[in-house]
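Contents: one structure, followed by commentary.
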Amino acid sequence: MDRQSTGEGGRSSGGDLVFKGATVVDGTGADRYRADVRIGQGRIAEVGHGLGATREVDADGLVLAPGFIDMHAHSDLALLLEPDHPAKVTQGVTCEVLGQDGLSYAPVDDGTLPALRRQIAGWNGDPEGFDWDWRTVGGYLDRLDRTGPAVNACYLVPHGSLRMLAMGWENRAPSPAELDRMRELLAQGLAEGAVGLSSGLTYTPGMYADTAELVALCRVVAEYGGFHAPHQRSYGAGALEGYAEMVEIARRSGCPLHLTHATMNFGVNQGRAGELLDLVDRALDEGIDLTLDSYPYLPGSTTLAALLPGWATEGGPQATLARLGDAAARERIRYEVEEKGSDGCHGVVTDWATIQLSGVRNPQLAGAVGRTVAQLAAEQGRSGTEVFLDLLQRDELATTILQHVGHEENVRAIMRHRAHTVGSDGLLVGARPHPRAWGTFPRYLAHYGRELGVLTLEQAIARMTGRPAARLRLDRRGRIAPGFHADLVLLDPERVQDTATFEHPRRPAAGIEHVYVNGTAVVRQGRTTGARPGRALRRTDRGTRAL
């Protein structure tokens, strides 16, 4: 495979290439226009008419767009285990943002890594024999570069991982020394190239942090020119209060804010997206630097263990599993999940009919995948909570779920907003993962664009390209213009379609004809090429770029 260097961020595909007669949608939101686009040495060389090159692609009737940017990806291990990355390149994705929801694999140490691997095995898997040869953010980004994935990747320093290193899984405020340790680790990760901080405030140990702790950390992020991407405290009963807290953290710290998977879910929030968007508009009008992302589906996806109340997961996975074997603890969990509303389930009483298993690690549980907890409980003549707790024990917390709690009117209202970008939040593991991992980007173009007219083609592509590139401060990416990196998607606007379904979630998109990363084709005529020209994109004083 040719991996010849072409300078910063690019690898040549072996000479100039021109897309002839393309309909260019340039990523800015401007109207489409017809042009030839020539690329060479990993960059866009010219945009004009009558251009020639050693190779030509007939782009008549096709749309040429910048490569799509996934603002919320869970490919932290997938890029190392399956670097060809068909789930994303077949959608036209050329860059992903990793380290999400406050939990990922850098920074870590020998003490925190084993427990962290267990805690998020439902997100990423936990492969046997894998070489965990890094401990720092810089080490992880170096590993990405050595592996050479198909797509580019940015990284957020995960707040929960910082907390584990500084104070374990304890449910309390940090001491001054512990907070200083978190700030030092955060500054190191940002200096090594992370684009900001993620937090996961319905996951342990991140949920134990108070506002003051997050403000202190976000001040460090602001000093480095990064942003805060919170999975906030509630998307259910306390959703608006949770969003307001994130805006307040941005106001007090001066740190830009990106509201990740910005949703208003559960019955309590049906029809209330306008209240969230009013909050966002007030913050923008005040001068707060704020963006958000969402996925174009109703169900969410997470781990089954995430539904537990926070106290039940204090101390880490081993302590959690011990509690699941204690009768008194189980009864306390039952009360909070079934009657009070667990903080892990966003303050809402859990409806077991909405909780559908999507993946398990224990092969003896494979028959439960695709079933709801309510269905399993009815078949077994047991309560939903009993089934829930036993599944967690038998699968050692690794079970993943779909959570059917979304509302169509909220989804559409949020995607129309001026600060909106696209994030898949796609989990790639499990027998039946959420189809958003394979279908998010074409679904925006096909279902919400061509079929429903919620977004124009120009609006949808701007949300996938230029707008997220600006948030990430990407160096010369996210637009079609001379001198920009040749991260490009050529698609058929009449045929582009998500084909992944809840029953068959790993089907590639239709109508994505060619995808180029740093000037090299990773999809050609709808098929993956096996090329791996991606790089780790690191935050620097000159923009987020490959080194």
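Nearest 5 percent is fine: what portion of the DSSP beta bridges confined to the stretch 405-547 is antiparallel? Don't skip to the answer; put the middle values down first.
Numbers: 14 of 15 bridges.
Approximately 95 percent, going by the DSSP bridge assignments.
Work out, step by step, the length gained on full extension between residue 187 and residue 326: first 0.36 nm times the residue separation, then minus their alpha carbon distance; give nm to one decimal.
46.0 nm
Would you mind calculating the relative contact order of the chain from Cα pairs under 8 angstrom and at least 6 residues apart, reporting the percent as a whole number? Don't skip to the end; give the middle numbers.
Working: 1377 pairs, mean separation 122.0, N = 547.
Relative contact order, the chain: 22 percent.
Could you sort the peptides 399-406, 180-187, 228-235, 62-69 by per-residue average Cβ neighbour count (10 Å cutoff), highest mean leading?
Peptide ranking by packing, descending: 62-69, 228-235, 399-406, 180-187.
Please list, ordered by chain and number, the residues whose modelled amide H lies under 5 Å from the amide H of residue 520; skip anything fewer than 5 residues away on the same chain.
Long-range HN contacts for residue 520: 11.
Just grab the label-to-label distance for residue 210 and residue 369, each label 7 Å out from Cα along the Cβ direction, in nm (one decimal).
Going by the 7 Å Cα→Cβ label model, 4.4 nm.
What dipole magnitude, in Debye to the nearest 20, does the chain give about its Cα centre under +1 on Lys/Arg Cβ and -1 on Asp/Glu Cβ? Please report the intermediate quantities before stating the final value.
Numbers: 58 positive and 68 negative charges, 196 e Å.
The dipole of the chain has a size of about 940 debye.
Can you tell me which of 444-455, 307-318 comes out highest on packing, and rank the rest after it, using the mean Cβ neighbours within 10 Å? Write out the running numbers ahead of the final one.
Details: 444-455: 18.3, 307-318: 20.7.
Ranking, from highest mean packing down: 307-318, 444-455.
Would you work out which of 305, 266, 290 lies farthest towards the positive end of the dipole of the stretch 249-306, given +1 charges on the beta-carbon of Lys and Arg and -1 on that of Asp and Glu, about the Cα centre?
305
Mind listing the lone cysteines of the chain, meaning no other Cys beta-carbon sits under 4.7 Å from theirs?
For the chain, the answer is 95, 154, 345, because their Cβ atoms have no other cysteine Cβ under 4.7 Å.
Calculate the spin-label point distance for residue 145 paired with residue 456, positioning each point 7 Å from the Cα along the beta-carbon direction, and give it in nanometres.
Reported label-point gap for residue 456 and residue 145 is 4.1 nm.
Can you pull the percent of the stretch 213-334's accessible area that's carbon plus sulfur, 1.4 Å probe, other chains left in place?
Details: 1940 of 3930 Å².
Result for the stretch 213-334: 49 percent of the exposed heavy-atom area is carbon or sulfur.
What size of dipole, in debye to the nearest 20, comes out for the stretch 343-439 about its Cα centre when the only charges are +1 on Lys and Arg C-beta atoms and -1 on Asp and Glu C-beta atoms? Spell out each step's value before the answer.
Numbers: 9 positive and 10 negative charges, 81 e Å.
With only Lys, Arg, Asp and Glu charged at Cβ, the dipole is about 400 debye.
Based solely on its DSSP helices, what 222 nm [θ] is calculated for the chain when runs of n ≥ 4 H residues each add -39,500 (n - 2.57) and the sum is averaged over all residues, nearest 500 deg cm²/dmol? Each step should come with its number before you reach the end.
Values: 18 runs with 165 residues, N = 547.
Helix contribution divided over all residues of the chain: -8500 deg cm²/dmol.
May I ask for the distance between the Cα centers of the stretch 216-240 and the stretch 91-142, given as a whole number of Å?
20
Enumerate the amide H contacts of residue 196 below 5 Å, restricted to partners 5 or more residues apart or on another chain; note that Pro and chain-start residues carry no placed amide H.
Long-range HN contacts for residue 196: 157, 227.
Alpha carbon centre of the stretch 346-395 versus the stretch 273-345: separation in Å?
When both Cα centres are located, 18 Å separates them.
Can you give the FRET efficiency for residue 110 and residue 393, using 1/(1 + (r/R0)^6), R0 = 25 Å, r = Cβ-Cβ distance, to the nearest 0.05? It would help to have the intermediate numbers written out before the result.
Values: r = 27 Å, r/R0 = 1.07.
The calculated FRET efficiency here is 0.40.
What number comes out for accessible area per residue over the stretch 264-363 if the probe is 1.4 Å? Units Å², please.
Numbers: 3820 Å² over 100 residues.
Computed with neighbouring chains in place, this is 38 Å² per residue.
Report the full-extension gain for the segment residue 494 to residue 34: residue separation times 0.36 nm, less the Cα-Cα distance, to one decimal in nm. The partial results should precede the final answer.
Working: separation 460, 0.36 × 460 = 165.60 nm, distance 1.67 nm.
Gain in length upon complete extension: 163.9 nm.
Give the percent of DSSP beta bridges with both residues in the chain that are antiparallel, rounded to the nearest 5.
55
Report the gain in length on full extension from residue 431 to residue 541: 0.36 nm times residue separation, minus Cα-Cα distance, nm rounded to one decimal. Don't skip to the end; give the middle numbers.
Values: separation 110, 0.36 × 110 = 39.60 nm, distance 4.24 nm.
Between residue 431 and residue 541, full extension yields 35.4 nm more.
Using amide H atoms built 1.01 Å from N in the peptide plane, name the residues 5+ places from residue 57, or on other chains, whose amide H lies under 5 Å from its own.
Under 5 Å from the amide H of residue 57 lie the amide H atoms of 18, 19, 20, each far enough along the sequence or on another chain.
Residue 396: net charge of surrounding residues, Cβ under 13 Å, Lys/Arg +1, Asp/Glu -1, itself excluded? Don't skip to the end; give the middle numbers.
Details: positive: 117, 118, 361, 394; negative: 126, 390, 395.
Within the 13 Å Cβ shell, the charges total +1.
Please give the peptides 166-175, 87-96 ranked by average Cβ packing (other Cβ atoms within 10 Å per residue), highest first, as a rough proxy for protection. Before the final figure, lay out each step's value.
Numbers: 166-175: 16.0, 87-96: 29.0.
Sorting 166-175, 87-96 by mean packing, highest first, produces 87-96, 166-175.
The values are calculated or read from the model by the stated rules, or taken from the named source; none is laboratory data. What you see is a predicted model, and the numbers here were worked out from it, not measured in a lab. All Cβ positions, even for glycine, are placed from backbone atoms using ideal geometry, and neighbour counts span all protein chains on display. Ligands, DNA and RNA are stripped out before the accessible areas are found, and what is left, the full protein with its side chains, is counted by its heavy atoms. Shrake-Rupley method; radii C 1.70, N 1.55, O 1.52, S 1.80 Å.
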